[in-house]
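The values are calculated or read from the model by the stated rules, or taken from the named source; none is laboratory data. From a predicted model like this one, the values you see are computed outputs, not experimental measurements. Every residue, glycine as well, gets a Cβ built from its backbone with ideal geometry; the counts of neighbours run over all protein chains shown. Side chains are part of the model used for accessible areas, which takes the heavy atoms of the whole protein and leaves out ligands, DNA and RNA. Shrake-Rupley method; radii C 1.70, N 1.55, O 1.52, S 1.80 Å.
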Amino acid sequence: MELLDGRPENTEGRLEKEIRVYDFLDHLGIEYKRVDHEPAFTMEVCEEIDKMLQATICKNLFLCNRQKTQFYLLMMPGDKPFKTKEITSQIGSARLSFASAEDMEKYLDIEPGAVSVMGLMNDTEHHVRLLVDEDILKGEYLGCHPCVNTSSLQMRTADVFGLYLDAVGHDMTKVVLTGEA
């Protein structure tokens, strides 16, 4: 694995959704570094990648309410346990569960294993509400997938939660997660 500046020179064999992320970030003038790697399906694999990126390890969960009328993208530290009870009281929602792969594809144009804040650029009708654990905002850099799990990006946290979110028209709701029972 090698940390590279910006988009790949050769885009042959890469999915259109990945290239759209690079196009969008380049259009916004957001600087990023990239690591290409084998598919990353677990947090353990992501830990190795994030060491290379020197960025906050971020767990991204795609959630919905029981009626499947409200969808949420939760960004939280990878080493913090997820407790639905902590979230529901803070966002005023009843029970939450993991949303389906079909809904993930429909709203974010992302498949399981590649969930990322970058998917919000595909949610032009704002069906997904972004929830961000306060600890994610503390790091200088953030690591995320460019809508595929075979590359990872390092970007300034301030760019993601400022310029990027403004450009995609999404707000974020800051939540406080302790990971305690």
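For segment 68-181, list the helices (runs of 4 or more DSSP H) that sit wholly inside it and hold at least 3 residues that are in contact (Cβ under 8 Å) with a residue 24 or more places away in the chain and within 19 Å of ASP23 (Cβ to Cβ); which are they?
Qualifying helices (runs of 4 or more DSSP H): 165-168.
Can you find, within segment 160-181, the residue that is farthest from LYS33 (Cα to Cα) among those that are among the β-branched types (Val, Ile, Thr) and buried (at least 17 other Cβ atoms within 10 Å of the Cβ)?
VAL175
Determine if segment 95-112 includes at least one residue that is more than 27 Å from VAL35 (Cα to Cα), open to solvent by less than 40 Å² (accessible area, probe 1.4 Å) and either in contact with a Lys or Arg (Cβ under 6 Å, 6 or more places away or on another chain) or of a type in the set (Ser, Thr, Tyr) (or both).
Yes: one or more hits.
Can you name the residue in segment 56-67 that is among the aliphatic types (A, V, I, L, M) and assigned to a strand (DSSP E or B) and, of all such residues, is surrounded by the most Cβ atoms within 10 Å (Cβ to Cβ)?
Among those that are among the aliphatic types (A, V, I, L, M) and assigned to a strand (DSSP E or B), it is LEU63.
Just need a number here: residues in segment 3-22 that are among the hydroxyl-bearing types (Ser, Thr, Tyr) and part of a helix (DSSP H, G or I).
1
Would you call THR124 of a type outside the set (Asp, Glu), surrounded by 15 or more Cβ atoms within 10 Å (Cβ to Cβ) and closer than 26 Å to GLU31 by Cα?
Against the criterion (of a type outside the set (Asp, Glu), surrounded by 15 or more Cβ atoms within 10 Å (Cβ to Cβ) and closer than 26 Å to GLU31 by Cα), THR124 does not qualify.
Here is a yes/no grid of residues against (1) open to solvent by 80 Å² or more (accessible area, probe 1.4 Å); (2) more than 20 Å from MET121 (Cβ to Cβ); (3) more than 15 Å from the chain's Cα centre (by Cα):
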position	(1), (2), (3)
LEU3	no, yes, yes
GLY6	no, no, yes
GLU12	yes, yes, yes
LYS17	no, no, no
VAL21	no, no, no
GLY29	no, no, yes
ASP36	no, yes, yes
CYS46	no, yes, no
MET52	no, yes, yes
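Is there a residue in segment 142-159 that is buried (at least 16 other Cβ atoms within 10 Å of the Cβ), in contact with a Lys or Arg (Cβ under 7 Å, 6 or more places away or on another chain), at positive phi and not basic (Lys, Arg)?
Yes.
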